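None of the figures in this text is laboratory data; all of them are computed from the coordinates on show. Predicted model only: the values in this text are computed from it and were never measured.
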Amino acid sequence: MHDIGKISVPDSILLKPGRLTDEEFEIMKSHTTRGSEVIEMLKDVQDKEYYEMCLDICRHHHERYDGRGYPDRLKGEDNSIGAQLTALADVYDALVSDRVYKSAYPMDKAYEMIKNGECGVFSEKLMACFRICQIRHGEACYSDQG
């Protein structure tokens, strides 16, 4: 749902194997506002609270805690926890999944990249939860091997 606006992005950009040009990146970034427009069309079809949460996550899942995200440059707690969590999950998924422009990173490498700030800035509270999940995931992996 958070990436529904990508239906408005041409495949030549979505599936481009190389680096996007500045113009292509601007088009790619528009998926947040385009997705919000799609969700706004469904305003009367769904529960108001659910609608508002979907709209918020779709529009703000590329905001960053340091204010360097898009489209509204929200900073810190100005961005909802739902959008922040979606942003972290989206980054992690992008790292551990094959893409036309890169191979998947191993889970441990993806975790380290996020922890070291290579993929943007996230709230300390969210990162503390992420560390706990990684520790628990590691314990589950190791216990499955015995």
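In terms of Cα atoms, the Rg and Dmax of the chain work out to 16.7, 52 Å. For the range 1-143, the tally of Lys pairs with Cα-Cα distances below 29 Å comes to 28, considering only residues 8 or more apart or on different chains. Each part gets one Cα centre, and for the range 79-121 versus the range 1-53 those centres are 19 Å apart. Here the Karplus curve 6.51 cos²θ - 1.76 cosθ + 1.60, taken at θ = phi - 60°, turns the phi angles of the range 112-124 into couplings of 4, 4, 5, 4, 7, x, 6, 10, x, 10, 10, 4, 4 Hz, with x standing for Gly and Pro. Shape summary of the range 62-146, radius of gyration then Dmax from alpha carbon positions: 14.0, 48 Å.
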